[in-house]
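In what follows, a structure is listed as structure tokens, so that the remarks can point back to it.
The values are calculated or read from the model by the stated rules, or taken from the named source; none is laboratory data. Quantities reported herein were computed from a predicted structural model and do not represent experimental measurements. For neighbour counting, all protein chains shown are included, and Cβ atoms are generated from backbone atoms with ideal geometry for every residue, glycine included. Ligands, DNA and RNA are excluded from the accessible area calculation, which covers all protein heavy atoms including side chains. Shrake-Rupley method; radii C 1.70, N 1.55, O 1.52, S 1.80 Å.
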Amino acid sequence: NMGGMIDESSSPEECNQNGNKALAAGDHTSAVQWYTAGLHRDAPIDLHHVLLSNRSSAYAHLCDWRRALNDADTCVQLQPQWPRGHACRGAALEGLGRQKEALQSFKEAQRLDPTNPELSEIVSEIEDSLSKSPEVPMPQYGAPVRNVQASEVLPTAVPSPPQAETRTMPLREVNSQAN
């Protein structure tokens, strides 16, 4: 039931999957609602880091950088060794124009996931932009939305459908599998 009413009987996993479908379809507000519902139901907090990183992504698409950062911070506290939380944190900080801090987060993600080419690309891009204008923070509206892909519960995730072509800002893919 895409974008529809959130079913009271949905498990945290189902909430996450429905959130991922909404995110892939560009319905970021519904995605936030699904991930929030999943967090409320995830009593043993097994899935909290996944739901938080995904909700952080949905908030980033809505340019709600502060909430995106808040979720990413909580995710990193829960799972400090999971690269995706750090990548979400970097995306949110970049959205807030906090380039140097964003770089630290992306570097931490890269340290934890050294073979990820997207992360290497982002790190060199931010380093490059900082070397050109270290004192000028990036304007919030000009920040690229880094599209940190929604994380499936299982590592054998079905690939998400291709992103829609209509974009107002460049979205960058930061793929990181859930552990």
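May I ask you to verify whether Cys63 is under 24 Å from Thr29 (Cβ atoms), outside any helix (DSSP H, G or I) and within 16 Å of the chain's Cα centre (by Cα)? Judged against the criteria, Cys63 is a match.
Kindly evaluate Glu8 against the criterion of being at pLDDT 95 or above and either open to solvent by 80 Å² or more (accessible area, probe 1.4 Å) or of a type in the set (Asp, Glu) (or both). Criteria not met by Glu8. Does Thr36 satisfy the condition of being part of a helix (DSSP H, G or I) and without any contact (Cβ under 8 Å) to a residue 24 or more places away in the chain? So Thr36 fits the description; yes. Considering region 11-27, and only residues there that are surrounded by fewer than 20 Cβ atoms within 10 Å (Cβ to Cβ) and in a helix (DSSP H, G or I), the residue that is nearest to the chain's Cα centre (by Cα) turns out to be Ala24.
The number of residues in region 80-98 that are in contact (Cβ under 8 Å) with a residue 40 or more places away in the chain, hydrophobic (A, V, I, L, M, F, W, C) and crowded, with 24+ Cβ neighbours inside 10 Å comes to 3. For the residues Leu78, Leu93, Leu62, Leu112, the requirement of being aliphatic (A, V, I, L, M) and under 23 Å from Ser133 (Cβ atoms) singles out Leu93.
Selection over region 42-56 of residues that are farther than 20 Å from Pro83 by Cβ and either among the polar types (S, T, N, Q) or surrounded by fewer than 17 Cβ atoms within 10 Å (Cβ to Cβ) (or both) gives a count of 2.
Each residue in region 99-134 was checked for being surrounded by 19 or more Cβ atoms within 10 Å (Cβ to Cβ), among the polar types (S, T, N, Q) and out of contact with any Pro (no Cβ under 9 Å at 6 or more places or on another chain), and 1 of them qualify.
Every residue, every condition in (1) in a helix (DSSP H, G or I); (2) closer than 24 Å to Ala31 by Cα; (3) at pLDDT 95 or above; (4) not β-branched (Val, Ile, Thr), yes or no:
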site: Asp46; (1), (2), (3), (4): no, yes, no, yes
site: Ala58; (1), (2), (3), (4): yes, yes, yes, yes
site: Arg67; (1), (2), (3), (4): yes, yes, yes, yes
site: Ala72; (1), (2), (3), (4): yes, yes, yes, yes
site: Gln77; (1), (2), (3), (4): yes, yes, yes, yes
site: Gly85; (1), (2), (3), (4): yes, yes, yes, yes
site: Cys88; (1), (2), (3), (4): yes, yes, yes, yes
site: Gln110; (1), (2), (3), (4): yes, no, yes, yes
site: Ser131; (1), (2), (3), (4): yes, no, no, yes
